[in-house]
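Chemist: One structure coming up, written as structure tokens, with questions to follow.
The values are calculated or read from the model by the stated rules, or taken from the named source; none is laboratory data. Keep in mind that what you see is a predicted model, and the values were worked out from it rather than measured. Because the Cβ atoms are built from the backbone with ideal geometry, glycine has one as well, and the counts that use them run over all protein chains shown. Keep in mind that these areas ignore ligands, DNA and RNA; they rest on the heavy atoms of the full protein, side chains included. Shrake-Rupley method; radii C 1.70, N 1.55, O 1.52, S 1.80 Å.
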Amino acid sequence: MTKIAIVYHSGYGHTTKAAEAVHAGAAGAGADATLYAIDAEGNLSDAAWAALDAADAIVFGSPTYMGSVSWQFKKFADASSKAWFTQKWKDKIAAGFTNSASMNGDKHSTLHYFMTLAMQHSMAWVGTGMMPSNSKAAQRNDLNYLGAFAGLMTQSPSDSSPAEGPLPGDLETAKQFGARIASFAAKSKG
Ligand SMILES: Cc1cc2nc3c(=O)[nH]c(=O)nc-3n(C[C@H](O)[C@H](O)[C@H](O)COP(=O)(O)O)c2cc1C
């Protein structure tokens, strides 16, 4: 079975909801998907690091804070230099998602950071592969309303609780993104 590790940080719980939706989509597509939360100190257990090394695909997730990843995610990324030295993650599938309060909010900078991290690890990047909902008729809860190709973007209004945000259409987009990652991971495993 294809193994997918979703490693993410969430300060207040909104990005966790996006991570859970990506997980549901990947698991629904037949993958053995597991969530690994980076804790408030930016740490991950030894067992989680071992699971990342064993995965066929690693999905990175972080809220966008001040136009980039949270410091906890960056601490994790810096710690991944241990795997980088031996290129342990080479040729694994990689993908990423971010959640923030503004419709734009500079989320692309966060996705771009994930892509660079994946390239440093010589991984193969998978985007959303999903057309944007951007016509006059488009509604906020349509698929990929935020129009991202590089990775998944979700938006949680600044005064929303994690139960209220990310919005439902973004969570459905997250599920389809998870299914796409599972499909690529299965293909690359052969
Ligand atoms: C320190 C900090 C910086 C933030 N910077 C941004 C930002 O650059 N763009 C944005 O749209 N929202 C920004 N936000 C809002 C968060 O992205 C938003 O509240 C998000 O839902 C938090 O996700 P979390 O609950 O997983 O931590 C910021 C929030 C905090 C606490």
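Chemist: Rounded to the nearest 10 degrees, what's the angle between the helix 14-28 long axis and the longest principal axis of the chain, both from Cα atoms, 0 to 90?
Modeler: 70 degrees
Chemist: Related question: When all protein chains stay in place, what accessible area (Å², nearest 10, 1.4 Å probe) is found for Met1?
Modeler: In the full protein context, Met1 sits at about 150 Å².
Chemist: Can you give the three extents of the C-alpha atoms in region 31-117 along their principal axes, from longest to shortest, in whole Å?
Modeler: Here the spans come out as 35, 26, 26 Å, largest first.
Chemist: Okay, moving on. Any idea of the accessible area per residue across region 1-69, 1.4 Å probe, to the nearest Å²? Don't skip to the answer; put the middle values down first.
Modeler: On the way: 2700 Å² over 69 residues.
In whole numbers, region 1-69 has 39 Å² accessible per residue.
Chemist: Highest mean first, what order results for 29-36, 133-140, 49-56 on Cβ atoms within 10 Å?
Modeler: Working: 29-36: 19.1, 133-140: 10.8, 49-56: 17.0.
Descending mean neighbour count gives 29-36, 49-56, 133-140.
Chemist: Further, regarding this structure: Summing -39500 (n - 2.57) over the DSSP H runs of n ≥ 4 in the chain and dividing by its residue number, what mean residue ellipticity at 222 nm do you reach, to the nearest 500 deg cm²/dmol?
Modeler: Values: 6 runs with 74 residues, N = 190.
My calculation for the chain gives -12000 deg cm²/dmol from helical runs alone.
Chemist: In sequence order, what are the phi-derived ³J(HN,Hα) couplings for region 67-81 according to the Karplus relation 6.51 cos²θ - 1.76 cosθ + 1.60 with θ = phi - 60°, rounded to whole Hz, with x for glycine and proline?
Modeler: For region 67-81, the Karplus curve yields x, 7, 5, 5, 5, 5, 5, 5, 4, 4, 4, 5, 5, 6, 4 Hz.
Chemist: Counting alpha carbon pairs within less than 8 Å and at least 6 residues apart, what relative contact order, in whole percent, applies to region 102-165? List each step's numbers first, then the result.
Modeler: On the way: 58 pairs, mean separation 20.8, N = 64.
Worked out over region 102-165, it gives 33 percent.
Chemist: Can you give the three extents of the C-alpha atoms in the chain along their principal axes, from longest to shortest, in whole Å?
Modeler: 49, 36, 25
Chemist: Another question about this same structure. Amide H to amide H under 5 Å from Thr128: which residues, 5+ apart in sequence or cross-chain, H placed 1.01 Å off N in plane?
Modeler: Ala150, Gly151
Chemist: With axes computed from alpha carbons, what is the tilt in degrees of helix 107-120 against the longest principal axis of the chain, rounded to the nearest 10 within 0 to 90?
Modeler: Result, in degrees: 20.
Chemist: For helix 168-189, report the angle its Cα long axis makes with the longest principal axis of the Cα atoms of the chain; keep it between 0 and 90° and round to the nearest 10°.
Modeler: The angle comes out near 30 degrees.
Chemist: Another one. Express the carbon and sulfur contribution to the solvent-accessible surface of region 91-183 as a percent, rounded to the nearest whole number, probe 1.4 angstrom.
Modeler: Working: 2140 of 4080 Å².
Roughly 52 percent of what the probe reaches on region 91-183 is carbon or sulfur.
Chemist: What's the local net charge at Ser133, with K and R +1, D and E -1, over the other residues with C-beta under 15 Å away?
Modeler: On the way: positive: Lys136, Arg140; negative: Asp142, Asp170, Glu172.
Counting the neighbours of Ser133, the net charge comes to -1.
Chemist: Tally Lys and Arg at +1 and Asp and Glu at -1 over the other residues with C-beta under 14 Å from the C-beta of Met119: what net charge comes out? Please report the intermediate quantities before stating the final value.
Modeler: Details: positive: Lys90, Lys92; negative: Asp91.
In short, +1.
Chemist: If Lys and Arg each add +1 and Asp and Glu each add -1, what is the summed charge of the other residues whose beta carbon sits under 15 Å from the beta carbon of Gly67?
Modeler: That works out to +1.
Chemist: Please compute, for the alpha-carbon atoms of region 94-138, the extent along each of the three principal axes and give them in descending order in Å.
Modeler: 41, 22, 11
Chemist: What do you reckon, how do Lys92, Lys3, Lys82 stack up by accessible area (1.4 Å probe), largest on top? Display every interim value, and only then the final one.
Modeler: Working: Lys92 20, Lys3 90, Lys82 165 Å².
Result, largest first: Lys82, Lys3, Lys92.
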